[in-house]
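Asker: Structure in structure tokens, see below.
The values are calculated or read from the model by the stated rules, or taken from the named source; none is laboratory data. Nothing here was measured: the structure is a model prediction, and the numbers come from that model. All Cβ positions, glycine included, derive from the backbone under ideal geometry; neighbour counts span all protein chains shown.
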2 protein chains.
Amino acid sequence: MAKVPRASTGRLDRHPTLEDVAAGAGVSRALVSIVMRAVPGASEATRHRVLAVAEELGYHPDARARLLAGRRTRLLGVTLALNNPFHADVAEGVYAAAEPLGYQVVLSAVTHARTPAQAIETLLSYRCEAVLLVGPLVTRKALGALGERLPVVVVGQPTPYPGVDVVRAADAVGMRLAVDHLVELGHRRIVHADGGRAPGSAVRRKSYRAAMAVHGLIDDIRVLAGGEREEDGAASARTLVGEGLPDAVITYNDRSAVGLLDVFARSGIAVPGAVSVVGYDDSQVARLPYLRLTTVSQDIPTLAELAVGRAVARVENEPVAERELVLAPHLVIRGTTAAGA
Amino acid sequence: MAKVPRASTGRLDRHPTLEDVAAGAGVSRALVSIVMRAVPGASEATRHRVLAVAEELGYHPDARARLLAGRRTRLLGVTLALNNPFHADVAEGVYAAAEPLGYQVVLSAVTHARTPAQAIETLLSYRCEAVLLVGPLVTRKALGALGERLPVVVVGQPTPYPGVDVVRAADAVGMRLAVDHLVELGHRRIVHADGGRAPGSAVRRKSYRAAMAVHGLIDDIRVLAGGEREEDGAASARTLVGEGLPDAVITYNDRSAVGLLDVFARSGIAVPGAVSVVGYDDSQVARLPYLRLTTVSQDIPTLAELAVGRAVARVENEPVAERELVLAPHLVIRGTTAAGA
DNA sequence: TTGAAAGCGCTAACAT
DNA sequence: ATGTTAGCGCTTTCAA
């Protein structure tokens with residue numbers, strides 16, 4: 001034992017194990033385990049010696065064995081679509097929130113060639129203790145079955161299935177903030193370029209209508225059929241340019257706003273001079289210095305933190321008051337909104 | 001055995017194991033293992049019965065145990081920065097290329113709170129057989145040490161360390177294509193908004209100069225100090241608007257081009273009427289219908305496929321001719337370039 | 001503080 | 001075609 005043969009390439013044939021370190025330091029495996037996990041139970045002297053040997057041997061703990069042997073895995077699974085900025089931001093937030101709680105995160109991507117079901121299956125195979133689902137990945141039925149097996153937190157949107165937790169921002173409030181802001185600036189003809197069939201689009205559309213009604217602007221309600229991509233916003237802009245500009249536009253999300261702004265710019269339409277624009281999400285793009293998009297922020301880091309908190313609470317069997325955790329979004333006023341002429 | 005106690009919540013207390021399935025089907029664990037891995041060695045009848053029991057019990061294989069017990073893990077690790085479109089595209093490509101070869105991929109994100117070293121450490125702890133590094137994540141020294149431990153493929157840029165493989169596109173060729181195209185259109189005053197300290201920026205800058213020289217345009221060489229973000233391109237645009245427009249601009253990447261185009265649009269400058277613009281990467285944004293950015297494509301899916309191929313070749317000890325695999329980029333001509341006045 | 005021993009759930013030789 | 005038997009590298013009681 002503790003003999004580490006080398007391949008002809010000069011690369012190690014196998015990774016050193018606890019056993020190797022134990023032998024090198026003249027102690028038992030159990031003691032090395034204690035030292036490596038930095039838990040109490042070893043003298044300072046031993047600790048130092050073991051650490052030195054480990055370092056010298058190039059020992060790196062084996063996650064497979066660690067996970068398998070431990071009573072718990074303390075693993076949090078996250079499914080996400082790469083290339084989706086919102087998902088990416090949530091994942092970053094999850095990493096940040098999980099570590100202080102002693103949980104590790106496992107990422108599983110949903111791609112063109114990898115279904116949500118596969119992504120989830122991978123997470124389960126690693127024995128994650130809970131999964132966070134970002135975006136509208138799975139069918140209701142699949143969600144139900146999943147929720148029966150382990151704690152599930154859906155991040156960013158409501159779901160009708162009662163067996164899973166939800167952490168999201170209140171779209172009704174967000175739309176209300178946007179409309180309030182624009183009305184305060186003196187705008188009345190406020191149109192909404194909606195998200196089409198995108199997740200949450202229906203809620204935001206409805207919320208827009210309600211907010212307009214509150215201000216007695218029922219006759220000014222106008223919804224343009226759109227989508228979640230830049231091009232959808234661009235299309236809406238073209239429509240508006242063709243038929244005459246409203247006072248302001250609220251888009252389904254920031255991406256849509258970007259396309260809309262671009263077409264406005266190319267058409268020589270000043271924003272916010274001729275028309276005000278409000279986006280949704282406060283994603284990175286909204287903060288770009290040359291865009292300075294006024295937008296409704298979902299406060300993604302907090303969203304992620306609460307989602308992790310909820311997952312951990314479920315895993316650790318802490319009492320949970322509400323299945324759904326709804327954050328109040330806030331309006332970030334930047335440079336695309338101003339008082340009308 | 002094969003007794004699956006339930007928690008008061010109704011959730012399974014533990015996952016069913018091979019043992020449980022074996023007991024249920026009245027066969028040995030080894031046989032169930034054979035069935036679950038879909039390898040030959042079991043009769044059709046047994047196969048069906050085992051599968052049925054597994055299904056009924058809700059059995060899902062344990063990746064930890066599988067990975068630990070197997071002779072190999074067939075795991076490919078990928079470090080990436082979420083929120084970087086190039087990284088995301090590469091990761092998608094890696095998933096697509098790895099599966100047909102029988103390899104699974106493990107993602108490890110580099111975030112604000114998670115260093116490249118940590119991301120790599122995680123990958124190693126799972127005993128990935130090779131790692132793909134996207135972007136300029138690590139120091140030369142760390143790279144060297146890593147390359148000694150297992151096959152490493154750096155994706156998307158050159159690296160001076162000889163112990164690792166590199167799969168990237170030829171920046172010199174890309175720049176040359178861009179300049180050739182613009183010269184053919186009759187442009188001479190072609191400036192380059194560079195990437196500042198971004199990875200690969202120096203190479204592209206140098207390549208731009210060389211390409212200009214080839215066309216006898218040494219006196220027209222002009223490099224604007226920039227960066228990799230949209231705002232950097234926007235800044236370059238402001239400079240150009242202030243001092244008078246050149247015939248064309250080649251940016252370090254598509255993101256920079258986006259910022260540049262935006263400022264041009266707001267300044268009432270027609271593209272490609274008054275000035276042509278060429279981006280770099282052919283990321284998703286370049287294809288946006290309202291942008292239609294002419295750009296140099298690195299062909300990311302192929303890049304990813306070759307990177308996976310190289311990693312697998314190393315893992316399986318196949319002979320490898322060149323340490324560096326350099327793809328020929330190609331120019332994607334869209335709507336931001338046209339003949340000058 | 002330290003060590004011995006029993007698994008964790010699986011794969012892989014080797015028998016039968 | 002099927003079963004038996006060792007591990008894989010670690011954590012975790014339980015003793016000492």
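Asker: Go through (1) touching a strand residue (DSSP E or B) at 6+ places or on another chain (Cβ under 9 Å); (2) modelled with pLDDT under 95 for A:HIS192 and report which single condition fails.
Answerer: (2)
Asker: Assess whether A:ARG140 counts as being of a type in the set (D, E, K, R), surrounded by fewer than 24 Cβ atoms within 10 Å (Cβ to Cβ) and within 11 Å of chain B (Cβ to nearest Cβ).
Answerer: The answer is no for A:ARG140.
Asker: Go through the stretch B:10-35 and count every residue that is part of a helix (DSSP H, G or I), more than 14 Å from chain A (Cβ to nearest Cβ) and either within 36 Å of the chain's Cα centre (by Cα) or surrounded by 14 or more Cβ atoms within 10 Å (Cβ to Cβ) (or both).
Answerer: Taking the stretch B:10-35 as the starting set, the residues that turn out to be part of a helix (DSSP H, G or I) are B:18-25, B:29-35.
Narrowing the set further to residues that are more than 14 Å from chain A (Cβ to nearest Cβ) leaves B:19-25, B:29-35.
Narrowing the set further to residues that are either within 36 Å of the chain's Cα centre (by Cα) or surrounded by 14 or more Cβ atoms within 10 Å (Cβ to Cβ) (or both) leaves B:20-25, B:29, B:31-35.
The number of residues fulfilling the criteria is 12.
Asker: Could you check how many residues of the stretch A:44-57 are loosely packed, with under 14 Cβ neighbours inside 10 Å and either within 14 Å of another protein chain (Cβ to nearest Cβ) or under 11 Å from A:GLY24 (Cα atoms) (or both)?
Answerer: Step one: filter the stretch A:44-57 for residues loosely packed, with under 14 Cβ neighbours inside 10 Å, giving A:44-45, A:48, A:52, A:55-56.
Within this subset, residues satisfying the condition of being either within 14 Å of another protein chain (Cβ to nearest Cβ) or under 11 Å from A:GLY24 (Cα atoms) (or both) are A:52, A:55-56.
Here the count works out to 3.
Asker: Right, another one. Please verify whether the stretch A:91-110 includes one or more residues that are touching a residue at least 40 places away in the same chain (Cβ under 8 Å) and touching a Pro at 6+ places or on another chain (Cβ under 6 Å). I'd like the intermediate steps shown before the answer.
Answerer: Step one: list which residues in the stretch A:91-110 are touching a residue at least 40 places away in the same chain (Cβ under 8 Å), which gives A:91-94, A:96-98, A:101, A:103.
With touching a Pro at 6+ places or on another chain (Cβ under 6 Å) added as a condition, the list becomes A:93.
Yes, because at least one residue in the stretch A:91-110 is touching a residue at least 40 places away in the same chain (Cβ under 8 Å) and touching a Pro at 6+ places or on another chain (Cβ under 6 Å).
Asker: Among the residues of the stretch A:82-119, what is the count of those that are of a type in the set (Gly, Ala, Ser), away from DNA strand D (no atom under 16 Å from the Cβ) and surrounded by fewer than 20 Cβ atoms within 10 Å (Cβ to Cβ)?
Answerer: The qualifying residues number 3.
Asker: For the stretch A:171-187, name all the residues that are surrounded by fewer than 18 Cβ atoms within 10 Å (Cβ to Cβ) and assigned to a helix (DSSP H, G or I). Write out each step before concluding.
Answerer: Here is the first cut: in the stretch A:171-187, the ones surrounded by fewer than 18 Cβ atoms within 10 Å (Cβ to Cβ) are A:172, A:180, A:184-186.
Residues satisfying the conditions are A:ALA172, A:ASP180, A:GLU184.
Asker: On to the next question. Considering each residue of the stretch A:216-233, count those that are part of a helix (DSSP H, G or I) and out of contact with any strand residue (DSSP E or B) (no Cβ under 6 Å at 6 or more places or on another chain), and give that number.
Answerer: Number satisfying all stated conditions: 6.
Asker: In the stretch B:287-310, how many residues are within 14 Å of chain A (Cβ to nearest Cβ) and not charged (D, E, K, R)? If you could, list the steps in order and put the result at the bottom.
Answerer: At the first step, the residues of the stretch B:287-310 found to be within 14 Å of chain A (Cβ to nearest Cβ) are B:287-293, B:300-301, B:304-305, B:308.
Going one step further and asking which of them are not charged (D, E, K, R), we end up with B:288-291, B:293, B:300-301, B:304, B:308.
Residues flagged as within 14 Å of chain A (Cβ to nearest Cβ) and not charged (D, E, K, R) within the stretch B:287-310 amount to 9.
Asker: Quick one: in the stretch A:258-285, of everything that is away from chain B (no Cβ under 13 Å) and without any contact (Cβ under 8 Å) to a residue 60 or more places away in the chain, which residue is surrounded by the fewest Cβ atoms within 10 Å (Cβ to Cβ)?
Answerer: A:ASP282
Asker: A further question on this structure: Within the stretch A:259-299, which residues are of a type in the set (A, V, I, L, M, F, W, C) and touching a strand residue (DSSP E or B) at 6+ places or on another chain (Cβ under 8 Å)?
Answerer: Once the filter is applied, which keeps residues that are of a type in the set (A, V, I, L, M, F, W, C) and touching a strand residue (DSSP E or B) at 6+ places or on another chain (Cβ under 8 Å), the stretch A:259-299 yields A:LEU260, A:LEU261, A:PHE264, A:VAL271, A:VAL275, A:VAL277, A:VAL278, A:ALA286, A:LEU293, A:VAL296.
Asker: Restricting attention to the stretch B:99-116, which residues are at the interface with chain A (Cβ under 7 Å from one of its Cβ atoms) and touching a Phe, Trp or Tyr at 6+ places or on another chain (Cβ under 7 Å)?
Answerer: Selection gives B:ALA109, B:THR111, B:ALA113, B:ARG114.
Asker: Confirm whether B:GLY41 is more than 7 Å from chain A (Cβ to nearest Cβ) and away from DNA strand D (no atom under 15 Å from the Cβ).
Answerer: no
Asker: Could you go through the stretch B:148-163 and let me know if any residue there is without any contact (Cβ under 8 Å) to a residue 24 or more places away in the chain and among the small types (Gly, Ala, Ser).
Answerer: Yes, there is a match, as at least one residue in the stretch B:148-163 is without any contact (Cβ under 8 Å) to a residue 24 or more places away in the chain and among the small types (Gly, Ala, Ser).
Asker: Using the structure shown, decide if B:ALA38 is farther than 23 Å from A:LEU75 by Cα and not in a helix (DSSP H, G or I).
Answerer: yes
Asker: Does B:GLY135 satisfy being under 17 Å from the mean Cα position of the chain (by Cα), on the phi > 0 side of the Ramachandran plot and buried (at least 22 other Cβ atoms within 10 Å of the Cβ)? Don't jump to the end; show me each part of the working.
Answerer: Details: under 17 Å from the mean Cα position of the chain (by Cα): yes; on the phi > 0 side of the Ramachandran plot: yes; buried (at least 22 other Cβ atoms within 10 Å of the Cβ): no.
Taking the combined requirement at face value, the residue does not satisfy it.
Asker: Here's a follow-up. Quick test for you: out of A:THR73, A:THR122, pick the one residue that is at the interface with chain B (Cβ under 10 Å from one of its Cβ atoms), over 30 Å from A:SER201 (Cβ atoms) and either of a type in the set (Val, Ile, Thr) or away from DNA strand D (no atom under 16 Å from the Cβ) (or both). If you could, list the steps in order and put the result at the bottom.
Answerer: Values: A:THR122 fails: over 30 Å from A:SER201 (Cβ atoms).
Only one candidate qualifies: A:THR73.
Asker: If you take the residues in the stretch A:316-341 that are farther than 12 Å from A:ASP165 by Cα and of a type in the set (A, V, I, L, M), which one is surrounded by the fewest Cβ atoms within 10 Å (Cβ to Cβ)? Give the derivation first.
Answerer: First, pick out the residues of the stretch A:316-341 that are farther than 12 Å from A:ASP165 by Cα: A:316-319, A:327-341.
This time we only want the ones that are of a type in the set (A, V, I, L, M), so: A:327-328, A:331-333, A:338-339, A:341.
On the way: A:LEU327: 18, A:ALA328: 11, A:LEU331: 19, A:VAL332: 18, A:ILE333: 15, A:ALA338: 18, A:ALA339: 11, A:ALA341: 7.
Filtering first and then ranking leaves A:ALA341.
Asker: Go through (1) surrounded by 24 or more Cβ atoms within 10 Å (Cβ to Cβ); (2) away from chain B (no Cβ under 14 Å) one by one and return the number of the condition A:PRO151 breaks.
Answerer: Result: A:PRO151 passes all but (2).
Asker: Same structure again: For A:ALA265, which of the numbered conditions (1) out of contact with any Gly (no Cβ under 8 Å at 6 or more places or on another chain); (2) under 25 Å from A:ARG205 (Cβ atoms) fails to hold?
Answerer: Checking A:ALA265 against (1) out of contact with any Gly (no Cβ under 8 Å at 6 or more places or on another chain); (2) under 25 Å from A:ARG205 (Cβ atoms), the one that fails is (2).
Asker: Name, by its number, the condition in (1) touching an Asp or Glu at 6+ places or on another chain (Cβ under 7 Å); (2) within 14 Å of chain B (Cβ to nearest Cβ); (3) crowded, with 21+ Cβ neighbours inside 10 Å that does not hold for A:GLY163.
Answerer: Result: A:GLY163 passes all but (3).
Asker: Something else now. In this structure, is B:GLY200 under 22 Å from B:VAL271 (Cα atoms), surrounded by 15 or more Cβ atoms within 10 Å (Cβ to Cβ) and touching a helix residue (DSSP H, G or I) at 6+ places or on another chain (Cβ under 8 Å)?
Answerer: no
Asker: Name the single residue, out of those in the stretch B:74-126 being over 23 Å from A:PRO16 (Cα atoms) and either polar (S, T, N, Q) or touching a Cys at 6+ places or on another chain (Cβ under 8 Å) (or both), that is modelled with the lowest pLDDT.
Answerer: The residue in question is B:ASN83.
Asker: Taking interchain pairs and intrachain pairs at least six residues apart, which have beta carbon atoms under 9 angstrom, with the first residue in the stretch B:25-51 and away from DNA strand C (no atom under 14 Å from the Cβ) and the second acidic (Asp, Glu) and at pLDDT 95 or above?
Answerer: Going by the 9 Å Cβ cut-off, there are no qualifying pairs.
Asker: Also: Among the residues of the stretch B:139-172, write down those that are over 23 Å from B:GLY227 (Cβ atoms) and of a type in the set (A, V, I, L, M).
Answerer: B:ALA142, B:LEU143, B:ALA145, B:LEU146, B:LEU150, B:VAL152, B:VAL153, B:VAL164, B:VAL166, B:VAL167
Asker: So which residues in the stretch B:193-217 are touching a residue at least 60 places away in the same chain (Cβ under 8 Å) and touching a Ser or Thr at 6+ places or on another chain (Cβ under 8 Å), if there are any at all?
Answerer: Selection gives B:ALA193, B:GLY195.
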